[in-house]
Every structure is written in structure tokens, then in C-alpha cells.
1. Is the range 154-210 rounded, prolate or oblate when judged by the Cα gyration tensor, a ≥ b ≥ c being the square roots of its eigenvalues, rounded requiring a/c under 1.5 and prolate requiring a/b larger than b/c?
2. Roughly speaking, what is the stretch gain from Glu144 to Ser24, that is 0.36 nm per residue apart minus the C-alpha to C-alpha distance, in nm to one decimal?
3. Give me Asp80, Asp256, Asp245 sorted ascending by neighbouring Cβ count inside 10 Å, so fewest comes first.
4. Once R0 is set to 35 Å, what does the formula 1/(1 + (r/R0)^6) return for the Cβ-Cβ distance between Val204 and Val118, expressed as a FRET efficiency to the nearest 0.05?
5. For Ala17 paired with Asp40, estimate the spin-label separation in nm (one decimal), with each label point 7 Å from Cα along the Cα-to-Cβ line.
6. Work out the FRET efficiency for Tyr167 and Asp218 from their Cβ-Cβ distance, taking R0 = 22 Å, and round it to the nearest 0.05.
7. What length, rounded to one decimal in nm, is gained on full extension from Ile69 through to Val85, with 0.36 nm per residue of separation minus their alpha-carbon distance?
Amino acid sequence: MSVTHVEPAGEAGNASATPLLDLSQVTKRFGGLIAVQDVDLKIHPGEIVSVIGPNGAGKTTVFNLITGIYRPTTGDIRVDGRSIVGLNPDQVLKRGLARTFQNIRLFNGMTVLENVLVGQHTRLHAGVLGSLLRIPSVKREEAEARHRALELLSFFGTSLVERQDEYVINLSYAERRRVEIARALASQPKLLLLDEPTAGMNEVETQEAVKYIRRLRDELGVAILLIEHKLTVTMGLSDRIAVLDYGKKIVEGLPDEVRHDERVIEAYLGTASRTNPESFQHSSAPVENE
Ligand SMILES: Nc1ncnc2c1ncn2[C@@H]1O[C@H](COP(=O)(O)OP(=O)(O)OP(=O)(O)O)[C@@H](O)[C@H]1O
């Protein structure tokens, strides 16, 4: 796969390098409601960063701001030093940011392979006319796209490759999550935003997801920004964790720092967690929904 490998973050010098993603004083208002307020967040190449916080803290809004679904009311969002404010989601994708959604968004009437092929649309050159006339260069491009899509599916082992012609609706929830990630990877992103990638998964599936998310970074060099509620996932995976509460970033630090921070315990964990820190869970864990 031709995704450039990038050294994992935390290396000396990273702090001074231009961040891959740089949110600066980002605020989003919906009428009188301030969903996100003055949030600063930097992600460097090869980092895995989690955004956590209670229900309604502003996590998904941050994702929607980064990916061009919403425009910040104030503040700036830069990718490799260039502002992306005002770009639409397709343009943001072309700048190297791909995402998955809290509720899986696949084309259920398409096969596994077709769903991943759709993810490559930003990289294909054939126009409508070329496709209709089936000119040789288009056929070649289609064959290459198919080859790349199968390569992406094989990142998750052989099962999705074997089921490439199956409609995604017939796959298990965990498998559909993988297809969604494969489709996001098809645009060759520098940064992948994963919105609750283990929601609705059992323990075994969750641990498998943790492994492949780490491999995305280690083997493909893709930086990852994660919204995730499960302690085992965020603590085990993240280089850094940013905590939102009522739209503001109240803490940012290493997993161990965040875990023991009083402000986080107050805001997110509630007093119950003082007696049981392992209960670092969302109060209403999301269930599978489409
Ligand atoms: N399009 C919108 N219009 C109005 N209010 C919105 C909109 N999107 C989000 N909000 C509000 O902004 C706040 C932050 O919502 P957001 O979905 O970002 O929180 P969250 O941290 O992702 O929550 P959860 O963990 O429950 O998914 C909430 O009060 C929400 O109701």
C-alpha cells in the first residue's frame, strides 16, 4: 500500500514541527448554545490522540468542524500549516483527512469491495465520458483501483477479501466497522478520525479493534484522532488524551495524567469512579444503530 510511513509521535523535535492538524481557539455556536469553546488541539504525524468527555461535551462537533461539516464560528483549523476553514467535506478529504462515523455509514446495497472502491473516488481521474466509453486508460485505472481496494481489505486479514462480493448488510457489525475503515483508508489519508470505533462491540471485538487501530499507525503511518468512551481503548492506545467538558478542553495529557486528574474525575467519571477508576465509561454506552 502506498501510504507513506511516518515515525510515531513523541519523538524529539515533533513538538516544534508544523502539526499535521492544528485547531486554534476554535469555537462553534448553535444559536445561543456554545457547543465548542476556544479549543486548541494539535496532532502530529504518527500520533494517536483521543478526545473524551461526557455526553454533549462537544466531541462530535469537533469532528464535524475538522471535517468541514460545520464551519467554526471563530478560530482556525490548519492542516500542514494551511487553513481548511471554509472547505467542504470533500475538499477536506482531499487534504488528507478521512473519517468514520459513530453510526456506520456504508452503502448497504453495495458489496464490500464496491464500498471500498467508492472511497477511492477522490483519487481517480476518469471522467464520466471516459467511464462510459470504457477507454483503455479507464479500464486500467479501474483494475488498479480494484487491486488497491483488495489490498486495503487484506489489512484486516483474509475474511473481508473472501467476502468481497458480499453485500455489507450481511456482515457482522464488527466487520462493517472494518469495511468503513478500509473505505476511509482508500483516500490515502494522513489523518484518520474515528468516531467511537468500538461502540457496540463485545470485549473480543474491541480488543481486535485496538490491535488494528494501532497497526494503522505503526504499519501505515496514519495519525489517528479518536472519540472513544472505553477506558481500555483510550488508555491503551493514546499518545495523548484531550478532555472536553461543556465544549471546553479542560485537560490534555498522557493517559496516566488524565486518568488521575481531579478535573476529569469530577467532570467525566463522577464520584462513583473514585472508588472504582475502572468504571471510566460512558454513562449510556452507545449501542449498535444504523
Ligand atoms: N447541529 C446542531 N444544532 C444544535 N445543537 C447542536 C448541534 N450539534 C450538536 N449540538 C449540541 O452541541 C452540544 C455538543 O454536542 P456533541 O454531539 O458534539 O457532543 P458529544 O460530546 O459528541 O456527545 P455524545 O458523547 O453524546 O455523542 C450538545 O449540547 C448538542 O446538543
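Since every read-out is calculated from the coordinates, none of them should be taken as a lab result. Since we're looking at a predicted model, the values are computed, not measured. Every residue, glycine as well, gets a Cβ built from its backbone with ideal geometry; the counts of neighbours run over all protein chains shown.
1. oblate
2. Answer, rounded to one decimal: 39.3 nm.
3. Asp256, Asp80, Asp245
4. 0.75
5. So the two model labels end up 2.1 nm from each other.
6. The computed FRET efficiency comes out at 0.10.
7. So the chain would gain 4.7 nm between Ile69 and Val85.
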